[in-house]
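Take a look at the structure set out below.
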Amino acid sequence: MKRRYVLAMVMMGLLMLAISGVTPAAQKTLTVMLVQDYDKVLWTPDAEQFMKDHPDVKVEIVLQPSGYTEKILTMIATGMAPDVILESCGGNMLEWLVDDVLLDVAPYIARDAAFFKDWIPEYMMRSYYKGKSFGVVQPRAGLYPIWFNRRLYDAAGLPYPDGNWDFDTFRAHMRKLTVDRDSDGVPDQYGWHHSWKTWVPFLYNFGGGIQDPNDPSIILLDHPKTVEAMTFMQNLEFVDRVATPDHRFNSSRTLEAFASGKAAVTLRSATWYGSLPESMKDGETLGIALLPSNLSTPYAMTTISAFAIPKDSKNHDLAFELIKYFVDEETQRRCKVENMGVVVNHKINREFFPSGLPVWNHDKVITQSVMCPMFSVDYMMPDSATDIMSAMINAVVRDNELPAKIAVDQYVPQIREIMKDFLAKLAK
């Protein structure tokens with residue numbers, strides 16, 4: 001009897017809803033597209049909290065490990081645009097912004113200025129072009145200081161680099177740190193090791209570069225200082241013989257060379273500490289320093305990605321609110337604890353100082369670095385132009401096939417030709 005009564009009441013309620021024309025509110029769905037499972041694990045707690053705070057919204061995190069860019073464009077073209085994407089702050093994002101594929105979020109950031117007040121300006125500006133912004137940079141801020149082996153410095157009788165060194169001093173250090181112990185003509189220990197993208201900071205800190213960090217329409221690859229920097233790097237290995245051979249700009253070879261003591265100095269991410277062997281974490285071996293530079297203030301090297309909102313998303317406001325959950329202070333603290341690197345909110349970085357890491361000058365160098373002008377290795381150019389640029393650098397620095405000036409004269413016109421359409425868009 002009781003069950004019949006309850007059923008009758010339910011039927012009566014549905015009938016009344018039908019008569020009145022009122023239907024239960026439909027749940028909105030926000031789709032977030034990511035590449036790596038690690039990213040999904042990192043941001044799932046934020047998505048869950050967002051859904052608790054917004055019970056009428058469902059957040060779906062979709063992984064696309066391969067063909068990520070193509071999948072995004074296909075979804076947009078077929079009217080199924082995701083609401084939030086995560087992409088490196090490079091040419092794709094900038095081109096999508098000027099092509100109106102992405103929403104300009106600068107007005108949202110300006111509206112919520114208090115939320116972003118402690119963020120490092122040099123990171124935030126990576127998503128801006130001519131007053132528009134293609135996204136909100138994610139918490140994990142790539143930062144690349146010089147790492148050096150203090151024990152090898154001590155053995156060479158050299159002072160530790162204090163951040164005020166130019167490339168003449170750098171070269172002198174690398175020569176002193178290169179040692180042929182058995183006098184067979186082949187060094188057993190080298191001063192320098194070229195790693196992933198380590199050639200880029202040389203270009204900028206000589207006074208040249210790839211593109212103007214604040215105006216990617218200005219190409220610097222054929223600047224005289226760029227040629228000078230390329231020649232310097234080439235000479236480190238093939239004239240001075242102070243750089244490890246066969247490096248291939250490879251990160252795993254860098255770890256092997258540095259951990260074994262074959263190389264005394266290299267450039268790696270601030271998060272590299274976690275990858276180094278425990279034997280080096282004794283408080284007497286590791287040190288970091290600012291990049292050498294011939295400029296009054298050195299450039300710092302960064303790489304970073306940003307959350308963006310496709311313009312065809314049906315939920316711009318909600319999508320931006322979700323992004324704020326992905327980058328809020330709680331998430332930044334979580335990122336700081338997990339990777340021991342740098343986050344874009346410097347208030348959070350300072351909360352973890354003193355860091356207690358057994359790395360000489362760690363906290364000071366991190367603090368100095370985030371105040372330096374920055375360039376990004378997320379190039380503001382099409383992939384085909386990037387491929388040619390890499391071939392040019394390899395021909396000079398890695399393989400010693402061409403002098404720098406000849407390589408620049410041969411390759412840079414090809415890069416400029418490829419970039420004509422891209423640069424024309426930026427000029428609008």
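FYI, it's all coordinate maths here, none of it is from the lab. Bear in mind that the values here come from a model prediction, so they are computed numbers and not experimental data. Cβ: placed from backbone, ideal geometry, glycine included. Neighbour counts: every protein chain shown.
The table below gives the values:
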| quantity | calculated |
| --- | --- |
| Dipole magnitude (debye, nearest 20) for the chain, charges at Cβ of Lys, Arg, Asp, Glu | 1080 |
| GNM flexibility winner over the chain from GLY287, GLY185, GLY208 (Cα, springs under 10 Å) | GLY185 |
| Amide H within-cut-off set for LEU286, under 5 Å, with H built and near neighbours excluded | ARG150, TRP360 |
| Nearest-0.05 FRET efficiency for ASP421 and GLU351, computed from C-beta distance (R0 60 Å) | 0.85 |
| Cβ-Cβ FRET estimate between ASN400 and ASP100, R0 fixed at 60 Å, reported to 0.05 | 0.85 |
| Per-residue ³J(HN,Hα) for the stretch 279-292, Karplus 6.51 cos²θ - 1.76 cosθ + 1.60, θ = phi - 60°, Hz, x for Gly and Pro | 5, 8, 9, 9, x, 10, 10, 9, x, 10, 8, 5, 5, x |
| The stretch 257-316-the stretch 214-253 distance, computed between alpha-carbon centres (Å) | 18 |
| Two-site label geometry, GLN27 and ARG151: point separation in nm, points 7 Å out along Cα→Cβ | 5.7 |
| DSSP-defined antiparallel bridges as percent of all bridges, the chain, nearest 5 | 60 |
| Cα-based shape type of the stretch 275-377, given that a ≥ b ≥ c are square roots of the gyration tensor eigenvalues and the cut on a/c is 1.5 | prolate |
| Candidate aspartates and glutamates for bridging to LYS347, where Cα separation is under 14 Å - those fewer than 8 sequence places away on the same chain excluded | ASP118, ASP328, GLU329, GLU330, ASP363 |
| Shape of the stretch 186-288, Cα gyration tensor, a/c cut at 1.5 | oblate |
| Sequence-distant aspartates and glutamates (8 or more away, or on other chains) whose Cα lies within less than 18 Å of LYS28 | ASP46, GLU48, ASP53, ASP56, GLU60, ASP83, ASP312, ASP317, GLU321 |
| Amide H contacts of ALA263 (H built 1.01 Å from N, under 5 Å, at least 5 apart or other chain) | TYR190, PHE258 |
| When each of LYS130/LYS425; LYS262/LYS364; LYS336/LYS364; LYS58/LYS324; LYS117/LYS314; LYS117/LYS197 is checked by Cα-Cα distance, pairs over 19 Å | LYS262/LYS364; LYS117/LYS314; LYS117/LYS197 |
| Rounded FRET efficiency, nearest 0.05, which uses the C-beta distance separating SER66 from HIS316 and R0 of 45 Å | 0.95 |
| SER390, SER296, SER133 arranged by Cβ crowding within 10 Å, fewest neighbours leading | SER296, SER390, SER133 |
| TRP360, TRP43, TRP96 arranged by Cβ crowding within 10 Å, fewest neighbours leading | TRP360, TRP96, TRP43 |
| From the coordinates shown, Cα Rg over 2.2 N^0.38 Å corresponds to which of (1) 1.17; (2) 1.02; (3) 0.97 | (1) |
| Relative contact order (%) - criterion: Cα under 8 Å, at least six apart; region: the stretch 288-378 | 51 |
| Within straight-line cross-link reach of LYS71, lysines at Cα separation under 17 Å, skipping those fewer than 8 residues along the same chain | LYS311 |
| Residue-span extension gain [GLU338 to LYS281] - 0.36 nm each, minus C-alpha spacing | 18.7 nm |
| Amide H partners (placed H, <5 Å) of GLY135, local residues excluded | VAL105 |
| Relative contact order %, the chain, counting alpha carbon pairs below 8 Å whose residues are six or more apart | 23 |
